[in-house]
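Let me begin by presenting the structure, written as structure tokens, before commenting on it.
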There are 2 protein chains.
Amino acid sequence: MTKYQMIADAIQQFIEEKQLKTNDQLPIMTDLMAHFDVSKSTIIKAFEVLEIKGIIYQRRGSGSFVRAPKRPYYINLAHQSGTGKDLQNFSLSQRVIGVTMIQATKEIAENLLLDEGDSVFRVKRVTSIQGLKAVYETSYYNASAVPYLDEDIAQQSIFAYIKSEYQLEHAFSDSYFVLEESSELIAELLELNTGDLVMKYEEIFYSNDGVAFDYSISYYHPKAVRFYSGGVPKS
Amino acid sequence: MTKYQMIADAIQQFIEEKQLKTNDQLPIMTDLMAHFDVSKSTIIKAFEVLEIKGIIYQRRGSGSFVRAPKRPYYINLAHQSGTGKDLQNFSLSQRVIGVTMIQATKEIAENLLLDEGDSVFRVKRVTSIQGLKAVYETSYYNASAVPYLDEDIAQQSIFAYIKSEYQLEHAFSDSYFVLEESSELIAELLELNTGDLVMKYEEIFYSNDGVAFDYSISYYHPKAVRFYSGGVPKS
């Protein structure tokens, strides 16, 4: 975690502890710099993180203010670090169905900016939330960026593994979602009836260098669809 | 439209015309400043807009690069200006069902940061996309921020009206979405069967000063749910 992310977390905690309300003003820049003993640019970056997370907004020339608290138990689409933190009061469990190296189909190749037939790791997992079979996910990892994966790794955080092992860090992503009728397999895994509507959520994750290293397709049980999106303030 | 937004549009057009591809580098800062005859800070702000829209990404110290083109016909959740531009090749039509001043219920008051019983304008509309009854929307406008609305205004862009009439501009928003079974009314308006799943999409729009001026609840026909969310690059 970088310094500005730690500062962002500390400011968020400050807002929670002081029970600050919508439109309450945050301490001024110089006070925050002194308090955390960091530079102005670190505070500015921390503020950017908090803006993107929908925690604060900035008025030019007049400081930073608290935004309304969000409803709990929604997955924030702007969080780049998975759903764990948003759902920290829920009981989550994950079952890995399999990890296999395969050759990229046309669809996989297009999304990972590869050629058809290039090697990718396919990871299949089902995540349960509070006992509900909530998400069936199939992820494809570009094997030239992620040379090794297995079931033990997939049981933990794959993103943490590829960051420590290959210095590959998720920098940005594209997500698409639509509603679709569930296939027989999806229905069985999510304990639905074939044809029931599910949300299909596709994500493509890129590294700092613009390498598309992960293309994932997740099917969400209707009861598990609870998303939050904070419109980023215009500056 | 501000200068940096115009520059952002111009750079986006440049990317499209030159058919730049993923990871192609954009011209360097000094060239763009000279070409558009604007300051460095204007280019930086234009780049921020393009990052949020998922058009480019920036690598510290090495410039700005093109991101993969997005799939067409998805509504971009980061666009703050409505769905018109994303769906510009579609035929859209809107029917206003009614505009009435009412007293805020508990739910409306909580979302608009008002007291129960305060006056709000309620606007009901149905939007069709390519002939499909796509969205049934009920919006509540805080009447102390938006003192007047009628059906003629609702027929056009309410946001354009309140910007020109009351200098009230949408600065940021909170959106929540879940899947729900449609009521009899929703099913009728969207030409579905009662109980069919629809997406309930709630949005709260705030001004620069943090005033929650619009709380809207939209029900999307399953076939109309096509959303894109660009994970904002970490800087």
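The values are calculated or read from the model by the stated rules, or taken from the named source; none is laboratory data. What you see is a predicted model, and the numbers here were worked out from it, not measured in a lab. As a convention, Cβ positions derive from the backbone with ideal geometry for all residues, glycine included, and neighbour counts pool all protein chains shown.
Tallying residues that are in contact with a Ser or Thr (Cβ under 9 Å, 6 or more places away or on another chain) and either modelled with pLDDT of 95 or more or in a strand (DSSP E or B) (or both) within segment A:146-170 yields 1. May I ask you to verify whether B:Gln19 is without any contact (Cβ under 8 Å) to a residue 24 or more places away in the chain and more than 28 Å from B:His170 (Cα to Cα)? Against the criterion (without any contact (Cβ under 8 Å) to a residue 24 or more places away in the chain and more than 28 Å from B:His170 (Cα to Cα)), B:Gln19 qualifies.
In the set (1) at pLDDT 95 or above; (2) touching a helix residue (DSSP H, G or I) at 6+ places or on another chain (Cβ under 7 Å), the condition left unmet by B:Pro222 is number (2). State whether the residues of segment B:184-201 include one that is at the interface with chain A (Cβ under 9 Å from one of its Cβ atoms), more than 25 Å from B:Glu116 (Cα to Cα) and not hydrophobic (A, V, I, L, M, F, W, C). Yes: one or more hits. If the condition is being within 7 Å of chain A (Cβ to nearest Cβ) and part of a strand (DSSP E or B), then segment B:45-62 contributes B:Tyr57, B:Arg59. Identify the single condition in (1) surrounded by 13 or more Cβ atoms within 10 Å (Cβ to Cβ); (2) on the phi < 0 side of the Ramachandran plot; (3) not basic (Lys, Arg) that B:Gln156 does not satisfy, given that it satisfies every other one. Every listed condition holds for B:Gln156 apart from (1). Taking segment A:180-206, which residues are farther than 13 Å from A:Val225 by Cβ, part of a strand (DSSP E or B) and hydroxyl-bearing (Ser, Thr, Tyr)? If the condition is that a residue be farther than 13 Å from A:Val225 by Cβ, part of a strand (DSSP E or B) and hydroxyl-bearing (Ser, Thr, Tyr), then A:Tyr206 is the only one that fits. Consider B:Leu168 carefully, then state whether it is loosely packed, with under 15 Cβ neighbours inside 10 Å and of a type in the set (A, V, I, L, M). It is false that B:Leu168 is loosely packed, with under 15 Cβ neighbours inside 10 Å and of a type in the set (A, V, I, L, M). Figure legend. Inter-residue proximity from segment B:160-178: first residues away from chain A (no Cβ under 14 Å), second residues among the acidic types (Asp, Glu), beta-carbon distance below 9 Å, spacing 6+ or different chains. Indicated pairs: B:Ile162/B:Glu169; B:Ile162/B:Asp214.
Out of segment B:24-78, which residues are within 25 Å of B:Tyr201 (Cα to Cα) and of a type in the set (Gly, Ala, Ser)? Of everything in segment B:24-78, those that are within 25 Å of B:Tyr201 (Cα to Cα) and of a type in the set (Gly, Ala, Ser) turn out to be B:Gly54, B:Ala78. Filtering A:Tyr201, A:Tyr206 for residues that are touching a residue at least 12 places away in the same chain (Cβ under 8 Å) and closer than 18 Å to A:Thr127 by Cβ leaves a single hit, A:Tyr201. Among the residues of segment A:99-121, those identified as surrounded by fewer than 18 Cβ atoms within 10 Å (Cβ to Cβ) and part of a strand (DSSP E or B) are A:Thr100, A:Met101, A:Ile102, A:Gln103, A:Ser119. The combined condition, being out of contact with any Leu (no Cβ under 6 Å at 6 or more places or on another chain), of a type in the set (Gly, Ala, Ser) and part of a strand (DSSP E or B), is fulfilled by B:Ala134.
Out of B:Lys200, B:Lys223, which single residue is touching a strand residue (DSSP E or B) at 6+ places or on another chain (Cβ under 8 Å), surrounded by fewer than 20 Cβ atoms within 10 Å (Cβ to Cβ) and under 29 Å from B:Ile55 (Cβ atoms)? Full working, then the answer.
Numbers: B:Lys200 fails: under 29 Å from B:Ile55 (Cβ atoms).
Of the residues listed, the single one that is touching a strand residue (DSSP E or B) at 6+ places or on another chain (Cβ under 8 Å), surrounded by fewer than 20 Cβ atoms within 10 Å (Cβ to Cβ) and under 29 Å from B:Ile55 (Cβ atoms) is B:Lys223.
Can A:Lys133 be described as within 14 Å of chain B (Cβ to nearest Cβ) and surrounded by 13 or more Cβ atoms within 10 Å (Cβ to Cβ)? The answer is no for A:Lys133. In segment B:203-220, of all residues being under 15 Å from B:Leu132 (Cβ atoms) and more than 9 Å from chain A (Cβ to nearest Cβ), the one that is surrounded by the fewest Cβ atoms within 10 Å (Cβ to Cβ) corresponds to B:Ser218.
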